[in-house]
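Notes for the one structure printed next.
Each reported figure results from applying straightforward, stated rules to the coordinates on display, with no laboratory input. Fair warning: this is a prediction, and the values are worked out from it, not measured in the lab. For neighbour counting, all protein chains shown are included, and Cβ atoms are generated from backbone atoms with ideal geometry for every residue, glycine included.
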């Protein structure tokens, strides 16, 4: 398999991206890479070009660039060229740590949607940190769309199901709808409609509404939500975890010798906790609903995270999730059209 | 001042409610209470009836009751009778740890909206746990309305401002709009409209969009949001904090003697952290936009939280926030009507 890499995106690009790609190349013997970016800069950091092809990109889409406009006008940018390589079948997946909006736009406009999916959704894997079933779950959408319709959320459930089933290897994954209460009639009209659609779908193991309070307790294997709420919830979880770690640190520092001694004794424990909450170990956010894996990792990612994310992309490709989702959508085109029509007619 | 108390609501009612009211009575010499509930049960737990009047309520609204229906049909319930006492001017505020929906419905339908407010919003005070300005902030709406319009969010900003200014004593409180990015054009059309309304309002110290990741860092003194997102964010913060505390506990328990010894050394530190994150110290959730303070505390509240919440209600009454908000709304009735019309006409 071959992965098209935007070597220029991210706070530590191209250095840490290239370092990460070399780590991944050494770890995964069946993966080849195309590195898109400024050839001279890439060559400065690349130690060994085995299974790594460098492709010159004259332009870079910056973090502050307006995403859709940048993808339309910067035709020679590393993001546009890498996405184009995937579109043309030269590479199997697209990876970047750059401008999120531009990555989503490149996925949508260059690589293109799967037939049957109206809007792709952005997916993040999060840890289950408590409870006996500690593991992980997938949340979709975490911010591809700020304005989401009933049909989109329904389709997120299908995409999330294939991700959990094929990539996370969860048999018959439990799908939950993020809502402000567990009862079936919770939320606004749109949430009630999505709830009823999912409850009626025999191909989805729908467990009903789940509340954001229970996510890290493993409420569901797939949590579906509109992109606005998903984004707010993801950032709340992240912010609260970071604040608590900072709070622990500052309390210890101001807690005198006894506290500092205690912290020393608990060093491994604190390491375990930070690692439990650190979801970059699962890789990046995946844009589902497009024809090939489009994966974005945090702008602040360093080499180990880049390597993990390549491992995740490899699992996605190996899992054939996109082909399986495609087959399902084709086989059930009539049913899905009926659902679409029923939403439109307001039934 | 006199507070009407639903003695029957909450997991530990009436015992812990009554215990808490007695603690509050002993702490705040200028407060009188009306306890609504089953007289015989109340008498069983009440130790001293100084400044506490017992009023018989034959019915109880249970946690599982459909809120609006329960308020309409259980006319002799402790919630309905307590809210009616406030409506009739016999008491100055309403307190309950019972069925949230029923409390909101009683506030809305019995006590009634302030003129100029279209929908009341539920407010929670949360801690700022990091940064040099550690303090607290108020978030509104955290779940009174699942389906919120532009005008409602704009009015939340006004109500939140008066809460921060009068009750939290913050001069010229910074108001932020919860959004999925800090740029002015973030979010869906409704968020952009609210953003522009707030930015144009010279009476609101609007600092722009804030992201949920930054809330506990003290991004704003007042965070305004629709009730669906606010509820999801509040529960995410709560869930993440609880999960991390559990994670710390289980890591220590499985970490061997060294970890247990370290934990002993850090006992005070962990106590400080749990107390930093425990927002029940600020009291309960306040329904703003109704004619008198309606305050709901967690169903699981025990006596100390009940006492804190009474302290909070006392501060709200002393602060004259409702009278001040009322004066503002009356004085600016023309401006507010203009804003309402401009939203309706889609300008």
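What the table below lists for this structure:
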{"quantity": "Average partner coverage of A:174-186, which counts Cβ from other chains inside 10 Å", "calculated": "2"}
{"quantity": "Estimated FRET transfer efficiency (residue A:202, residue A:341; beta-carbon r; R0 22 Å; 0.05)", "calculated": "0.70"}
{"quantity": "Other copies of residue B:135: label-to-label distances in nm, shortest first, labels 7 Å along the beta-carbon direction", "calculated": "4.6"}
{"quantity": "Two-site FRET efficiency, residue A:56 against residue A:169, from Cβ-Cβ distance with R₀ of 41 Å, rounded to 0.05", "calculated": "0.55"}
{"quantity": "Copy-to-copy label separations for residue B:45, where each label sits 7 Å from Cα toward Cβ, in nm and ascending", "calculated": "6.3"}
{"quantity": "Partner chain coverage, peptide A:263-275 - average Cβ within 10 angstrom", "calculated": "6"}
{"quantity": "Mean Cβ count within 10 Å, highest first, over the residues of peptides A:137-144, B:82-89, A:312-319", "calculated": "A:137-144, B:82-89, A:312-319"}
{"quantity": "Cα gyration tensor shape of the stretch A:180-324, rounded if a/c is under 1.5, else prolate or oblate by comparing a/b with b/c", "calculated": "oblate"}
{"quantity": "Shielding by partners - mean other protein chain Cβ count within 10 Å, residues of B:246-254", "calculated": "5"}
{"quantity": "Position residue A:267, label points 7 Å along Cα→Cβ, spacing to each other copy in nm (shortest first, one decimal)", "calculated": "2.5"}
{"quantity": "Anisotropy class of the protein assembly as shown from Cα gyration tensor, a/c 1.5 cut", "calculated": "prolate"}
{"quantity": "Cα gyration tensor category, rounded, prolate or oblate, for chain B with a/c compared to 1.5", "calculated": "oblate"}
